[in-house]
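Contents: one structure, followed by commentary.
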Ligand code: UDP
């Protein structure tokens, strides 16, 4: 059985949809940002927080857990700047409790969700895993701290981990059964699509004075199902002994500016966006593009869906689900 923390969240729930085809799955989620209805019905679901020691004891003594996939985390850069305590508590303190429980109950395999935010403001155009981490916001620092803690646990307690550093996750299941729903929403693609769906007045561009071609920030957008598939491959390789203590970027390898993304959303939806230029958002690096060659070489994974496919799937989801709460 595989324990998936945060399995009711955006990326976790998409992973669970794939994982239940191959493994028994136990989802734990406190449902603060996750959605119960996103959890596949074939998974066992327990509502709870991984910072809760007695819950962890119950989980590891009740279920035959052979590996953990740890998605549960706070993940908003801007919020982390205003409320760092929440990020160190949820992403570091609670994760250490999870690791200690794994050590106590002799569960040695972990897939850890990390982020491109650990790179900070990189000096290279395409970032590979050898680029020195230098996070510039508390979210990125909380993820980098955990990566370092994992290294120490691996050498001291024989933990075997795979760290996956996500670039910008977006998109939805092709069936539009589940998709991206954050309350309140802060991510670019859902914000544009909510606007084009009539649920927001405008789209704000946070900064047009970056040193990029059109002055707006560049990101590498990756389909959430591609991310889910990378997790399955990583888990199989980890449990099969093919890899251990490995770090991989998950990205498409292509950079799109905020203006590019708005253009593709307009093309996919056939609607015109009302745009407002706003000041920069705190903690945003100008450009983050992955080199994902390493995971291609080791596991044969590469992103299969491009930005247009990502936005098409997200649009299908948004058209089905007019998300109007707390906007
Ligand atoms: N962004 C924007 N307007 C928005 C939301 C985001 O201009 O309403 C920009 C943001 O500054 C960043 C990019 O879009 O450069 C992607 O932001 P998002 O929050 O989606 O992901 P992040 O890169 O912060 O993980």
Subject >> Complete set of residues in the stretch 253-277 that are within 15 Å of the ligand (Cβ to nearest atom) and either within 24 Å of residue 135 (Cβ to Cβ) or part of a loop (DSSP other than H, G, I, E, B) (or both) >> reply: 254, 255, 256, 257, 258, 261, 273, 274
Subject >> Matching residues in the stretch 278-327 - criterion: being under 19 Å from the mean Cα position of the chain (by Cα) and in a loop (DSSP other than H, G, I, E, B) >> reply: 283, 284, 285, 291, 292, 301, 302, 303, 304, 305, 306
Original post:
Is it fair to say residue 226 is buried (at least 18 other Cβ atoms within 10 Å of the Cβ) and away from the ligand (no atom under 12 Å from the Cβ)?
Top reply: yes
**OP:** Confirm whether residue 232 is more than 15 Å from the ligand (Cβ to nearest atom), under 28 Å from residue 134 (Cβ atoms) and either modelled with pLDDT of 95 or more or not in a helix (DSSP H, G or I) (or both).
**Re:** no
**OP:** Confirm whether residue 111 is at pLDDT 95 or above and farther than 12 Å from residue 68 by Cα.
**Re:** no
Original post:
Are there any pairs with C-beta distances below 8 angstrom linking a residue in the stretch 185-200 that is at pLDDT 95 or above to a residue that is assigned to a helix (DSSP H, G or I) and within 11 Å of the ligand (Cβ to nearest atom), with the two at least 6 apart or on different chains, and if so which?
Top reply: 188/258; 188/261; 189/261; 192/261; 192/262; 200/191; 200/194
Subject >> Single match in 39, 77, 20 (criterion: surrounded by 15 or more Cβ atoms within 10 Å (Cβ to Cβ), touching a helix residue (DSSP H, G or I) at 6+ places or on another chain (Cβ under 8 Å) and modelled with pLDDT of 95 or more) >> reply: 39
Subject >> Qualifying positions in the stretch 87-137 - more than 14 Å from the ligand (Cβ to nearest atom), crowded, with 16+ Cβ neighbours inside 10 Å and part of a loop (DSSP other than H, G, I, E, B) >> reply: 107, 108, 129, 131, 133
Subject >> the stretch 278-309, residues that are within 13 Å of the ligand (Cβ to nearest atom) and closer than 21 Å to residue 126 by Cα >> reply: 283, 284, 285, 286, 287, 288, 289, 290, 307
Subject >> Of all residues making up the stretch 150-188, the number that are closer than 24 Å to residue 134 by Cβ, crowded, with 16+ Cβ neighbours inside 10 Å and away from the ligand (no atom under 16 Å from the Cβ) >> reply: 6
**OP:** Run residue 141 past the list (1) more than 14 Å from the ligand (Cβ to nearest atom); (2) assigned to a helix (DSSP H, G or I); (3) more than 15 Å from the chain's Cα centre (by Cα); (4) surrounded by fewer than 22 Cβ atoms within 10 Å (Cβ to Cβ) and report the number of the one that doesn't hold.
**Re:** (4)
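The values are calculated or read from the model by the stated rules, or taken from the named source; none is laboratory data. As the structure is a computational prediction, the values presented were derived from the model and not from experiment. Every residue, glycine among them, receives a Cβ derived from its backbone with ideal geometry; neighbour counts consider all protein chains shown.
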